[in-house]
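The values are calculated or read from the model by the stated rules, or taken from the named source; none is laboratory data. Quick caveat, the model's predicted, so the values are computed rather than measured. Please note: Cβ atoms are built from the backbone with ideal geometry, for glycine as well, and neighbour counts cover all protein chains shown. SASA here: full protein model, heavy atoms, side chains in, ligands and nucleic acids out. Shrake-Rupley method; radii C 1.70, N 1.55, O 1.52, S 1.80 Å.
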Amino acid sequence: MDHLSATFQALADPTRRAILARLSQGPASVNDIAAPFSMSLPAVSKHLKVLERAQLIARGKEAQWRPCALKAAPLKVATDWMEQYRRFWEARFDRLDDYLKELQAQPATAKAPTRKSRKKRST
Amino acid sequence: MNTHPLFNFIVEKDARTIAVERVFAAPLDPVWAAWTEADILCRWWAPKPYTCVVKSLDFREGGRWLYFMEGPEGDRHWSFFDYESIRPKTYFAGQDGFCDEQGRINASIPSTAWESHFSERDGSTLVKVLLRFVSAEALEKTIEMGFKEGFTAGLQQLDELLADQGH
């Protein structure tokens, strides 16, 4: 699986999104992270593993505590992607603008007469 | 006329929706026609340097629009739009996805539910498009399909083109 797919898959789960939201406030231990959920520690650990595999979080080396921290880079890739899709739409709409401008520049063939063309007709 | 028109692009990851809003400096009639008539749609639907070729368009509930976008390298991306509900000059909705030239749906890429709303105000027309993806993966795959690296290059060309035209 490529990085982007891993990112989106990791983000597809509400618990994992809640974990990321918690970590956006600073690093935390597994116990801290698990506290707001009615979920066993192993279940929380599973979610953390998915997030770690997607490289959305990093875990400390200290054997006992192993704090989890948010890593922003993959999120940035996902955001960049959205930006590309946004620009796709923007480029598409620019073309429609061009067409509509062209259309209004030739009032004789326009279906709905503009105010200007109505004036012309009355004179 | 150099003012930038309203353009909103709102990604709601949790709701798996993208809302696209745009105002066009033209009355409702020509804008509605541009979104629903084959000969006009193919003039703007594909961003430059892509071109859009319409194979068929049956704009009625239960009808289908079948088309492809062709890149500068001759790569063709066949797509369909199945119209599910239509309120003339107000709204249309349906399913959009990828297929082959026979219109056989590519099931590996989930289709996207569309709603397009049109309203006129002071001679300008607001178009709101709501794209609803079945999953985060579907959202990702849809984007991946047509708009990856090659496409970025295309968009850069577009920027240059627009700059040349003094936009």
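Return a whole-number percent for the relative contact order of the stretch B:1-96, with Cα pairs under 8 Å and 6 or more residues apart as the contact set.
Relative contact order comes out at 15 percent.
Taking every eigenvalue of the Cα gyration tensor of the stretch B:1-66, multiplying by 5 and rooting it, what semi-axes result, largest first, whole Å? Before the final figure, lay out the partial values.
Working: eigenvalues 106, 71, 38 Å².
Here the semi-axes work out to 23, 19, 14 Å.
Give the carbon-plus-sulfur fraction of the accessible surface of the stretch B:6-82 in %, rounded to a whole number; probe 1.4 Å, heavy atoms of protein chains only.
47
What FRET efficiency comes out for the pair A:Ala43/B:Phe7, r = Cβ-Cβ distance, R0 = 45 Å, nearest 0.05? Provide the component values of the computation, followed by the final result.
Working: r = 43 Å, r/R0 = 0.95.
So the FRET efficiency works out to roughly 0.55.
Would you calculate the separation in nanometres between label points at B:Ile109 and B:Arg76, each defined as 7 Å from the Cα along the Cα-to-beta-carbon direction?
Label-label distance for B:Ile109 and B:Arg76, simple model: 1.5 nm.
Chains A and B: buried accessible surface, both sides, probe 1.4 Å, rounded to 100 Å²?
Values: alone 9410 and 10210 Å², together 15650 Å².
Counting protein atoms only, the buried area is about 4000 Å².
Could you give the length gained on full extension between B:Glu120 and B:Glu37, defined as 0.36 nm per residue of separation minus the Cα-Cα distance, in nm?
28.0 nm is the gain from fully extending B:Glu120 to B:Glu37.
Work through the residues other than B:Leu66 whose Cβ is under 12 Å from its Cβ and net out their charges, Lys, Arg +1 and Asp, Glu -1.
After counting each charged neighbour, the total is -2.
How large are Rg and Dmax for the stretch A:12-68 when calculated on the C-alpha trace, in angstrom?
Every Cα atom of the stretch A:12-68 included, Rg and Dmax give 10.3, 30 Å.
Given an 8 Å cut-off on Cα distances and at least 6 residues of separation, report the relative contact order of the stretch A:1-60 as a percent.
Rounded, it is 40 percent for the stretch A:1-60.
Using the per-residue mean of other Cβ atoms lying within 10 Å as a proxy for protection, in what order, highest first, do the peptides A:26-33, B:55-62 fall?
Answer by packing, highest mean first, reads A:26-33, B:55-62.
State, to one decimal in nm, how far the label point of B:Ser85 lies from the label point of B:Asp100, with both points 7 Å from Cα in the Cβ direction.
The answer from the label model is 3.4 nm.
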